[in-house]
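Student: Okay, here's the structure, questions in a sec.
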Amino acid sequence: MTARTPSPAAAPGPAAPRSELIADAALKLLVERGMRGLTHRAVDETAGLPQGSTSNYARTRQALLETAVQRLAVLEARALGIDALTGAGPGPGPSVEDLLGMLAGVLHRHLTEHRDMLVARYELGLEATRRPELREFYDAAGRARFREPLVAMMTAAGSKEPERHALSLIAWVEGLMYSCAVGSYHAAVPTEEELRTGFGELLRGMLGTGG
């Protein structure tokens with residue numbers, strides 16, 4: 001992690017709901033201390049709340065983990081601009097060329113400005129492999145926030161196999177994010193133009209548009 005990398009969520013203002021204070025503190029702890037450092041007491045201390053506040057809101061560890069997963073899904077969807085990418089709302093969705101620019105832009109910002117979100121997600125994803133009840137919740141959050149919108153995006157772009165193409169797109173992006181956040185390319189993040197080229201090769205190949 002570099003000094004310029006922000007935490008998963010900047011500290012909310014004084015009017016932020018207590019639930020957000022707790023969730024943001026939980027994500028911050030996951031990044032800084034890992035899963036072992038995530039305790040109810042530590043969340044209270046990090047959020048600046050009276051002892052017992054987190055236990056009153058999320059009584060079990062499962063409930064605390066679910067709170068972190070849900071908050072992270074909201075923050076990532078906001079950072080990635082999912083609605084803009086998928087053309088949510090009235091009117092036609094973006095063209096393929098517009099998509100390339102938007103995809104490259106948001107992915108580059110995610111890799112350079114929001115790396116902590118990725119670290120928190122990897123911590124939660126690994127924990128979900130050991131907790132079936134968390135796995136179900138984690139998958140449901142990802143499906144609603146990311147998988148289904150990307151399937152809709154591929155459909156709008158003209159894909160004849162939107163489910164399979166969405167999987168290919170997700171796998172490419174996930175692999176690149178892992179490599180650049182915690183893998184062998186952590187110090188060599190691609191430029192926005194390089195990402196646009198990569199997205200173009202992938203999308204045009206899947207959609208059969210060539211060029």
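Student: Among the residues of segment 95-102, is there at least one that is more than 13 Å from the chain's Cα centre (by Cα), more than 15 Å from Phe199 (Cα to Cα) and open to solvent by less than 60 Å² (accessible area, probe 1.4 Å)? Let's see the steps before the verdict.
Tutor: Pass one, segment 95-102, residues more than 13 Å from the chain's Cα centre (by Cα): 95-102.
Then drop every residue that is not more than 15 Å from Phe199 (Cα to Cα), which leaves none.
No, there is no match, as no residue in segment 95-102 is more than 13 Å from the chain's Cα centre (by Cα), more than 15 Å from Phe199 (Cα to Cα) and open to solvent by less than 60 Å² (accessible area, probe 1.4 Å).
Student: Is there a residue in segment 113-131 that is more than 28 Å from Glu192 (Cβ to Cβ) and among the β-branched types (Val, Ile, Thr)? Step through it out loud before you land on a result.
Tutor: Let us first name the residues in segment 113-131 that are more than 28 Å from Glu192 (Cβ to Cβ), namely 126-131.
Checking which are among the β-branched types (Val, Ile, Thr) leaves us with 129.
The answer is yes; a qualifying residue exists.
Student: Considering (1) open to solvent by 40 Å² or more (accessible area, probe 1.4 Å); (2) more than 15 Å from the chain's Cα centre (by Cα); (3) modelled with pLDDT under 95, say which one Gly87 fails and leave the rest.
Tutor: Among (1) open to solvent by 40 Å² or more (accessible area, probe 1.4 Å); (2) more than 15 Å from the chain's Cα centre (by Cα); (3) modelled with pLDDT under 95, the lone unmet condition for Gly87 is (1).
Student: So, one more: Out of the residues in segment 158-168 that are of a type outside the set (Ser, Thr, Tyr) and surrounded by fewer than 20 Cβ atoms within 10 Å (Cβ to Cβ), which is modelled with the lowest pLDDT? Break it down into steps so the answer makes sense when it comes.
Tutor: Our first condition is that a residue be of a type outside the set (Ser, Thr, Tyr); within segment 158-168, this holds for 158, 160-167.
Add one more test, that the residue is surrounded by fewer than 20 Cβ atoms within 10 Å (Cβ to Cβ), and what stays is 158, 160-164, 167.
Details: Gly158: 88, Lys160: 92, Glu161: 95, Pro162: 94, Glu163: 95, Arg164: 95, Leu167: 93.
Checking each candidate, the answer is Gly158.
Student: Which numbered condition in (1) open to solvent by 30 Å² or more (accessible area, probe 1.4 Å); (2) over 17 Å from Gly101 (Cα atoms) is the only one that Arg196 fails?
Tutor: Here Arg196 clears every test but (2).
Student: Which one of the conditions (1) modelled with pLDDT of 95 or more; (2) outside any loop (DSSP other than H, G, I, E, B) does Gln51 fail to meet, given that it meets all the rest?
Tutor: Against the list (1) modelled with pLDDT of 95 or more; (2) outside any loop (DSSP other than H, G, I, E, B), Gln51 comes up short only on (2).
Student: Can Thr60 be described as hydroxyl-bearing (Ser, Thr, Tyr) and either exposed (fewer than 14 other Cβ atoms within 10 Å of the Cβ) or at pLDDT 90 or above (or both)?
Tutor: Details: hydroxyl-bearing (Ser, Thr, Tyr): yes; either exposed (fewer than 14 other Cβ atoms within 10 Å of the Cβ) or at pLDDT 90 or above (or both): yes.
In short, yes.
The values are calculated or read from the model by the stated rules, or taken from the named source; none is laboratory data. Being a predicted model, the structure only gives us computed values, none of them experimental. Heads up, the Cβs are rebuilt from the backbone with ideal geometry, glycines too, and the neighbour counts pull from every protein chain shown. Ligands, DNA and RNA are stripped out before the accessible areas are found, and what is left, the full protein with its side chains, is counted by its heavy atoms. Shrake-Rupley method; radii C 1.70, N 1.55, O 1.52, S 1.80 Å.
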